[in-house]
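The values are calculated or read from the model by the stated rules, or taken from the named source; none is laboratory data. The model shown is predicted, which means the values in this text are computed figures rather than measured ones. Counting neighbours? That spans all protein chains shown, and the Cβs are built from the backbone with ideal geometry, glycine included.
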Amino acid sequence: MTDVTGPTGTPQQPASGEPAPQDYRGSGRRRRLSPQEALVMAQKVRRVELAISLVLRIGVVVSVVIIAAGLVVMLAHHADYLAIRGPVSYETLTSTSTPFPHSFATLWHSIAQGEGQGIILLGVLTLILTPVLRVAVGVLSFVYEKDTPMALVTLLVLALLVGSFFLAGA
Amino acid sequence: MTPFDFVASVALISVAAGVLGSLIGLGGGVVIVPVLTLIYHVDIRLAIGASIVSVIATSSGAAAAYVRERMTNLRAGMFLELATVTGAVSGAYLTTVFPTRVLFLVFGLVLAYSSFTTFRRRHADVPLTVSNDRIANYFNLHGSYYDQAEQQEIPYKVVHTKLGLALMYVAGLVSALLGIGSGALKVPAMDSAMHLPMKVSSATSNFMIGVTAAASATVYFVRGQIDPIIAAPVAIGVLLGATVGARVLGRVASRTVRLVFVVVLVVISLEMLQKGILP
């Protein structure tokens with residue numbers, strides 16, 4: 001498992017011996033780029049990295065805000081939850097018989113009623129969708145880099161993810 | 001203990017889970033599941049639902065920083081996601097096929113072996129400069145990162161992509177079946193099998209586990225395993241922790257990351273073996 005090189009394949013990368021400074025994270029192209037092209041490519045790759053980072057950051061911030069708002073609403077509606085010592089035990093909320101939404105229909109209903117737990121779950125779903133959105137941005141990035149093989153691979157991942165959402169039948 | 005105490009204490013523990021999870025690329029589930037079941041006596045099904053949420057939170061929270069700092073190998077990560085997502089989707093529908101006890105036993109042994117191979121590489125952790133791997137060359141999965149601890153740019157080549165793909169499939173499958181452990185196989189797959197540097201393996205695993213978890217998360221939601229009062233403090237705490245943890249990885253030595261990872265992996269594998277032997 002830890003031997004150094006694989007037996008398969010032929011050395012087909014002429015660039016592998018001499019890493020030029022701009023060439024470090026090469027393009028997806030199978031021919032070697034001119035220094036000019038490599039520079040443009042490096043800038044594109046950097047822009048893609050920043051875009052993906054931004055998507056993740058936005059997803060995370062939006063979901064934290066929604067979840068925190070849901071918690072506040074939940075605690076505001078149930079003043080007895082707020083006590084440090086009190087008769088209400090958290091166990092009534094964390095047992096398998098605790099009612100909380102687990103389909104989109106009941107979730108919308110719960111949110112429409114202004115229930116804290118519905119708002120929290122909306123935030124959690126936003127969090128779950130963040131990586132999916134990141135994959136979608138990945139597809140666009142590889143199209144932008146004109147890297148067809150990687151764009152196809154990422155598109156397939158996206159299709160599987162979207163498929164898994166429908167298969168779940170929420 | 002009132003609901004407020006529960007939310008506050010779980011959020012604090014989740015911060016620690018987020019720091020650890022983002023540092024070694026495992027997600028917060030390693031800490032969250034035992035804490036919820038053993039200390040708070042939460043049902044295992046709800047604890048696993050919370051664990052899935054914590055994995056996505058760790059992944060997205062830390063990856064935002066890792067990608068920007070070029071610690072993640074984006075191409076390798078997105079390429080390998082194909083295998084891990086396929087594994088996760090198939091696993092979500094195979095839950096009834098395999099007896100859980102056998103799975104815990106088999107996976108416990110696999111992880112024990114992985115922790116051994118990861119530990120063995122502690123002296124030989126030198127990045128490769130050539131690769132004959134046809135897939136890695138075609139998709140150009142090789143990369144380079146700036147190591148803050150060593151203060152230099154470190155280029156590396158990727159090998160054994162096929163083995164990596166196979167291990168990623170298993171990682172996705174197991175995470176969907178057992179709700180835990182997707183990162184525990186991803187890091188050794190990239191470090192020991194594909195020869196990515198340890199820190200890149202951790203950051204890239206971290207990048208990928210969110211997508212693996214998202215593929216099975218909707219199923220958990222529909223099955224009613226995502227309890228809002230558990231998910232809320234876990235998500236917020238882990239996100240905070242992961243943001244902090246992502247600042248740490250760049251600065252610590254690869255060796256430290258590797259040793260912390262090995263220790264956690266040994267703990268997980270013992271935990272799984274125990275569940276397989278004494279249910």
Residues located in the range A:133-159, provided they are within 18 Å of B:ALA213 (Cα to Cα) and buried (at least 22 other Cβ atoms within 10 Å of the Cβ): A:ARG134, A:VAL135, A:GLY138, A:THR154, A:VAL157
task: Test A:VAL153 against the criterion of being touching a helix residue (DSSP H, G or I) at 6+ places or on another chain (Cβ under 7 Å), facing another protein chain (nearest Cβ under 7 Å) and at pLDDT below 85, and give yes or no.
output: no
query: Here are some conditions: (1) facing chain B (nearest Cβ under 7 Å); (2) in contact with a Pro (Cβ under 6 Å, 6 or more places away or on another chain); (3) among the aliphatic types (A, V, I, L, M). A:LEU107 meets all but one. Which one does it not meet?
result: (1)
message: When you check A:GLY123 against the structure, is it at the interface with chain B (Cβ under 8 Å from one of its Cβ atoms) and in contact with a His (Cβ under 7 Å, 6 or more places away or on another chain), yes or no?
response: no
- request: Look at the range A:99-112 and say how many of its residues are more than 18 Å from A:ILE67 (Cβ to Cβ) and without any contact (Cβ under 8 Å) to a residue 12 or more places away in the chain.
  value: 5
message: Kindly evaluate B:ALA76 against the criterion of being touching a Phe, Trp or Tyr at 6+ places or on another chain (Cβ under 7 Å) and buried (at least 21 other Cβ atoms within 10 Å of the Cβ).
response: no
Residue check, B:PHE98 aromatic (Phe, Trp, Tyr), part of a loop (DSSP other than H, G, I, E, B) and out of contact with any Cys (no Cβ under 9 Å at 6 or more places or on another chain): yes
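Listed here are the residues, each with its yes/no results for (1) more than 16 Å from B:GLY91 (Cα to Cα); (2) more than 10 Å from chain A (Cβ to nearest Cβ); (3) without any contact (Cβ under 8 Å) to a residue 40 or more places away in the chain.
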position	(1), (2), (3)
B:ASN137	yes, no, yes
B:LEU141	yes, no, no
B:ALA149	yes, yes, no
B:HIS160	yes, no, yes
B:ASN206	yes, yes, no
B:ALA217	no, no, no
B:TYR220	no, no, no
B:ALA235	yes, no, no
message: One residue is enough: does the range B:197-213 have a residue meeting the conditions in a loop (DSSP other than H, G, I, E, B), among the hydrophobic types (A, V, I, L, M, F, W, C) and closer than 15 Å to B:GLY183 by Cβ?
response: no
message: Give me the residue from the range B:202-229 that is of a type in the set (Ser, Thr, Tyr) and in contact with a Ser or Thr (Cβ under 9 Å, 6 or more places away or on another chain) and, out of that set, surrounded by the most Cβ atoms within 10 Å (Cβ to Cβ).
response: B:THR212
